[in-house]
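Below is one structure; the comments refer to it alone.
The values are calculated or read from the model by the stated rules, or taken from the named source; none is laboratory data. In this text, all values refer to a predicted model and were calculated from it rather than measured experimentally. Positions of Cβ are backbone-derived with ideal geometry, glycine not excepted, and every protein chain shown enters the neighbour counts.
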Amino acid sequence: MILLHIGDPARGRLWRDLMPRLVPGLTVRQWPDDAGDLGAVRFVAGWAPPAGLLARLPALEAVFSVGAGIDHIDLAEVPANVPVVRMIDTELAEAVAEYVCLAVLALHRDLPGYAAAQARRDWAPVHRLTTTKRRVGVMGLGQIGRAVLARLAPFGFPLAGWSRSPTKIPGVTCHAGDAERAEFLAACDILICLLPLTDETRGILDARLFAGLPQGARLVNAGRGGHLVQADLLAALESGRLSAAMLDVTDPEPLPPGDPLWTDPRILITPHVAGTTDPERGAEAIAANIARHIAGQPMEGVVPRDRGY
Ligand code: NDP
Ligand code: OXD
């Protein structure tokens, strides 16, 4: 039983040693240097399978994403009968929640402005708002959005959320769909994007959306770079519609050295590190799913193809 690992060779080596202990009979091979007989590959796991590879795997039974998102996998290349399975891991969700707390507090307490003032050696305090007066909204109320809201709750920010289908979260004003989008946005002094990247959400953080936010709102994007129209963010910062942003994801990644996002003093950038799957936990989650699959039980995190997330 062969699992072909695609991505970081160090993780591939760890999985090669660890996974056979978790699923007896499983052998882990590394793409492309140690791929062996592609005809024997039953599982693929990692980040982005190279174009054309999956068509060369006649025995393929499942494709596992090492991340919570699956947008890096071209679904058109995955045979219809082969499930695509995303990573469900509470530790990953908690890591993103920790990052978003950092970002929300940094923007709430005007850190980008103070960093710029420090560079000018300028002692320039600004008025501090209490958390109860800073409204925070989360786009995407999935496993990660909910973990983020739970971590933000003790700070006292009024919390709101927006998802595709209606939902209820205690202590959070929940909105759903296009019909309730404007009402949600109008109450977000800090907006956090934790959506999956799909045809519906690509470019959602654009001038139209920013126009619906309160004047001077702040943005955190920890979803995907493809959610953000970068030129619209720069224009919104220039006009004062937005006052600051923290971005963990960009398009492309890495962000090219000449990109104007790098040097805008109102923007804090991190290199897609909000939540990275711990290699051992990732192996355990995928091994557990393979064990379920072999036993004829449903796997956890299978992505409905028509939904795309
Ligand atoms: P889930 O699939 O659990 O949740 C997705 C949420 O987004 C759901 O609430 C869903 O609504 C909502 N949603 C999807 N499409 C739309 C839409 N068109 N309009 C409104 N709401 C929509 O995903 P996770 O919470 O596990 O992860 C979310 C994303 O976070 C990942 O896809 C990835 O892009 C990003 N991520 C980033 C990381 C980083 O390091 N920066 C790390 C991990 C994840 P509904 O509830 O109705 O289905
Ligand atoms: C993920 C990510 O999707 O790390 O898990 O971005």
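Quick check on region 252-309: of everything there that is among the small types (Gly, Ala, Ser) and within 20 Å of the chain's Cα centre (by Cα), which residue is surrounded by the fewest Cβ atoms within 10 Å (Cβ to Cβ)?
Here the answer is GLY308.
Of a type outside the set (Gly, Ala, Ser), within 16 Å of ligand 2 (Cβ to nearest atom) and farther than 29 Å from ARG266 by Cα, is that true of VAL84?
Criteria met by VAL84.
Would you call PRO20 without any contact (Cβ under 8 Å) to a residue 12 or more places away in the chain and surrounded by 16 or more Cβ atoms within 10 Å (Cβ to Cβ)?
Judged against the criteria, PRO20 is a match.
What about ALA291, is it closer than 30 Å to TRP15 by Cβ, within 16 Å of ligand 2 (Cβ to nearest atom) and in contact (Cβ under 8 Å) with a residue 12 or more places away in the chain?
Considered against the rule, which asks whether it is closer than 30 Å to TRP15 by Cβ, within 16 Å of ligand 2 (Cβ to nearest atom) and in contact (Cβ under 8 Å) with a residue 12 or more places away in the chain, ALA291 comes out as no.
Can you tell me which residue is farthest from ligand 2 (Cβ to nearest atom) among those in region 45-59 that are of a type in the set (A, V, I, L, M) and in contact with a strand residue (DSSP E or B) (Cβ under 6 Å, 6 or more places away or on another chain)?
Filtering region 45-59 for residues that are of a type in the set (A, V, I, L, M) and in contact with a strand residue (DSSP E or B) (Cβ under 6 Å, 6 or more places away or on another chain), the one farthest from ligand 2 (Cβ to nearest atom) comes out as ALA59.
Taking the stated definitions as given, is ARG42 at pLDDT 95 or above, touching a helix residue (DSSP H, G or I) at 6+ places or on another chain (Cβ under 7 Å) and away from ligand 2 (no atom under 16 Å from the Cβ)?
So ARG42 fails the test.
Which members of region 107-141 meet the condition of being among the small types (Gly, Ala, Ser) and buried (at least 19 other Cβ atoms within 10 Å of the Cβ)?
If the condition is that a residue be among the small types (Gly, Ala, Ser) and buried (at least 19 other Cβ atoms within 10 Å of the Cβ), then GLY137, GLY140 are the ones that fit.
Given ARG151, ARG120, which one is away from ligand 2 (no atom under 16 Å from the Cβ), of a type in the set (D, E, K, R) and closer than 19 Å to VAL273 by Cα?
Matching residue, one of ARG151, ARG120: ARG151.
Just to be sure before I move on: is LEU53 in contact (Cβ under 8 Å) with a residue 60 or more places away in the chain and more than 30 Å from ALA217 (Cα to Cα) in the structure I sent?
No, not satisfied.
Mind counting the residues in region 60-77 that are within 20 Å of THR201 (Cα to Cα) and either within 12 Å of ligand 2 (Cβ to nearest atom) or of a type in the set (Val, Ile, Thr) (or both)?
So the count comes out to 8.
Among residues belonging to region 95-108 that are in contact with a Lys or Arg (Cβ under 8 Å, 6 or more places away or on another chain) and more than 10 Å from ligand 1 (Cβ to nearest atom), point out the one that is farthest from ASP74 (Cα to Cα).
Looking at residues that are in contact with a Lys or Arg (Cβ under 8 Å, 6 or more places away or on another chain) and more than 10 Å from ligand 1 (Cβ to nearest atom), I get HIS108.
Which ones in region 257-297 are within 26 Å of GLY113 (Cα to Cα) and more than 13 Å from ligand 1 (Cβ to nearest atom)?
Within region 257-297, PRO257, GLY258, ASP259, PRO260, LEU261, TRP262, THR263, ASP264, PRO265, ARG266, ILE267, LEU268 meet the criteria.
From VAL84, VAL66, which residue is within 11 Å of ligand 1 (Cβ to nearest atom) and among the aliphatic types (A, V, I, L, M)?
Checking each option against the conditions leaves just VAL66.
Name, by its number, the condition in (1) of a type in the set (Val, Ile, Thr); (2) more than 15 Å from ligand 2 (Cβ to nearest atom); (3) farther than 22 Å from GLY7 by Cα that does not hold for VAL100.
Going through (1) of a type in the set (Val, Ile, Thr); (2) more than 15 Å from ligand 2 (Cβ to nearest atom); (3) farther than 22 Å from GLY7 by Cα one by one, VAL100 breaks only (2).
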